[in-house]
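Heads up, the thing below is written out as structure tokens.
The values are calculated or read from the model by the stated rules, or taken from the named source; none is laboratory data. These numbers come from a predicted model, not from an experiment. Every residue, glycine as well, gets a Cβ built from its backbone with ideal geometry; the counts of neighbours run over all protein chains shown. All accessible areas refer to the heavy atoms of the entire protein, side chains included, with ligands and DNA or RNA removed. Shrake-Rupley method; radii C 1.70, N 1.55, O 1.52, S 1.80 Å.
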Amino acid sequence: MIIRAAAFASENIKLSGQIYLPDIGSVVEYPTVCICHGIPRDAPGVSPEPRDGGYPELAERICREGFAVLIFRFRGVGDSGGNFDITGWMRDLEAALDYLWALNEIDRSHLCLLGYSGGAAVSVCVAAEDERVSSVVACACPADFDNLKKSIAEGEPIVEHFRRIGIIRDKDFPRSDEEWTDGFSKVRPIEYISRISPRNLLLVHGSDDEVVDLSHAHRLYERAGEPKQLLVIDGAGHRLRRDERAVKPVIDWLKAQGS
């Protein structure tokens, strides 16, 4: 396995990540997975759960199955620049696709988006309008943010919540709290998901998701076109990346699709 640093710009904002490449002799182009993380819920420095290897561990597992894998941090997160902005995340993902598209090692006919929570919502919306995406896996994906934008911060003003946890960093950002918050009304997977068809779609959701109710998955599935599959993990919560009952089926699905 070869791991390289990945860096690219989105609207002059530097985004960083890593790309994982299988070290398989004569193979030049690999089916590719772009992993899209969710909206952080904890402040920096909060200890992860024991044995949680994070997205790098997931990327390594997928790479071992013969896929090239990109993980990157959206604006406002980790060592990427900028401030959290949900519509900005859509533009970040487009920039990530541009980055992948320019790599010689990428099989451009097999490029899957694997998103979690807010990253899944962005993945659905971007895939609907970008034919470079060949398939989508959306885990714990909200159909919309109509109620979530109030519940994420648990009563705290939402802009202040994200400022407190460190993903809104600049004092003069956003220029308008109302305009920034309205961005959540524009990222509506329920209005985009039908346009993923005829490309392959897998929805994965926990029956006991404490952040995004299971009803969101059923709404998305009903609206989506074929081919589509819904996998409900009995007893699972929101953080499906940490649940082997969700991780293994996703990897198996990727292998079966070849993308």
Excluding ligands, DNA and RNA, the carbon-plus-sulfur percentage of the accessible area of the chain with a 1.4 Å probe reads 47
Within the chain, pairs of Lys residues whose Cα atoms are less than 24 angstrom apart, provided they are eight or more positions apart or on distinct chains, add up to 9
Dipole check, segment 139-259, charges on Cβ (K,R +1; D,E -1), about Cα centroid: among LEU214, ILE196, ILE165 the Cα furthest to the positive pole belongs to ILE196
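Average the reciprocal distances over every distinct pair of alpha-carbons in segment 54-209, invert the result, and give the Kirkwood radius in Å.
Working: mean 1/r = 0.0602 Å⁻¹.
When all Cα pairs of segment 54-209 are included, the Kirkwood radius is 16.6 Å.
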In debye to the nearest 20, the charge dipole size for the chain, taken about the Cα centre with +1 at each Lys and Arg Cβ and -1 at each Asp and Glu Cβ, equals 300
If unit charges are put on Cβ atoms (+1 for Lys and Arg, -1 for Asp and Glu) and the dipole of the chain is taken about its Cα centre, the option from GLY119, GLY88, TRP253 lying farthest towards the positive end turns out to be TRP253
Regression test value, accessible area per residue of the chain, probe 1.4 Å, units Å², expected 44
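Relative contact order for segment 119-259 using alpha-carbon pairs under 8 Å, separation at least 6, rounded to a whole percent?
Relative contact order comes out at 29 percent.
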Those helices of the chain passing the 18 Å axial Cα length cut-off and the mean Kyte-Doolittle cut-off of 0.0 (DSSP H runs only) are 86-101
